[in-house]
Structure formats: structure tokens, C-alpha cells
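Structure, as C-alpha cells:
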Amino acid sequence: MQLFENAYKKALNTNKKTFSPNFLDPQVFYFPDETSDPILLPSITSQILNDIQNINQIESESNKTRIWNYVITGPILKKDSHPQSAIIIKLQINPTNLDDVIKEKILQYISQINNRLAINTQHPIIYLPTIRQIEIEKLNGAYQPFYQKWIKLPDFLEESFKKTIEHIAEIKPKKSKQTLLKGLRKLERI
């Protein structure tokens, strides 16, 4: 049993991610624990969600589905980003019943809130609206603030995670002198 516990503890320790919590700006992201993916700070999340809600309310109070999808991307998701790197949020706008007046109101509001600094940081928030579907696979990384989930990890985090997986695959289990058959024979003798 001791042998199994040692192997189990070793496997748990080698499965931890090998990237440092300081790879992403700590004024924007935090790591809940050593093995978790980084999460956007709650103050910045609430600022973004409030902006999205205000954009949705431009048309009317009853129709709050103008923005279908949105993700954080851009230079803020690069390794060791600059203290003034932009937080880019791609917005997928619902094109149903989208006339020129509504478009103009949405674009005016977005131009008003663009380049505002995220709370307690020097990072400007930039909203990029589009009616096309957001192509996640072409982005460096994509984070969904509402669900607080990574849709696509930034490239440097994925590389680090792949290296960890490869390292685990390279570890070959040691052959134990104790085998199940030997253990059963000892039990039969008792």
C-alpha cells in the first residue's frame, strides 16, 4: 500500500503546471492555486460585464441579446505583457433587425467607452464589434469573462502545458520488486 501511495503522490506532483503565475499581468489575472488556470480579476470582469449590459440596452430595455458572444484577446494575453497593453474584447453583434440607427448608436457608445482604463490598472479596454462569428482558432488566446473560462489558452501557456504532458509521458514506471502474484502467495502462506 505504501508503494501505491508514493507513486500516487509522485504522479500528482508531476502533473502540476510548470508556468509561473507572473507570466500574465497580476493586475489583470490571478491564479486561484498552483494547478488552476488564471482568472480575470473580479473588478475588471464586472467592468466588462457592465459595459456589455449597457451596449445591450442601447436598443431597448426588452431586447438584451444584441451581443451574442465576446472574448478577451490581444496583447494582454502575451507572455510578460507591457503594463499598458490593451485588453481587446471582440464582440459578436447579433445582425437580426440591425438597422443603421441601432448600428450608429452602438458604435457611438463603443467609441465613448473605448480606451477607458481597466479598474486599478493602466490597461486600456478596447471593444471591437463585428457581425461575423469570432474565429477563436486564429486568436493567440481567448478568455470568456462571463463564464470565467479559457476558450483557448494563450500560446505560451499551451506550450508549457504540452511540455508538462510530454514530460509525464516520458516518465517510465519503475518495476517493483513486489508483484501481485508474490503478494498473493504471501497471503496464502498466512
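None of the figures in this text is laboratory data; all of them are computed from the coordinates on show. Since the structure is predicted, the reported quantities are computational estimates derived from the model, not experimental observations. When we count neighbours, we look across all protein chains shown, and the Cβ atoms used for this are built from the backbone with ideal geometry, even at glycine.
Figures for the structure shown
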{"read-out": "FRET efficiency, 1/(1 + (r/R0)^6) with R0 45 Å, evaluated for residue 33 and residue 182 via beta carbons", "value": "0.70"}
{"read-out": "Length added when fully stretched, residue 155-residue 130, from 0.36 nm per residue minus Cα-Cα", "value": "6.6 nm"}
{"read-out": "Residue 140/residue 99 FRET efficiency (R0 25 Å; Cβ-Cβ; nearest 0.05)", "value": "0.15"}
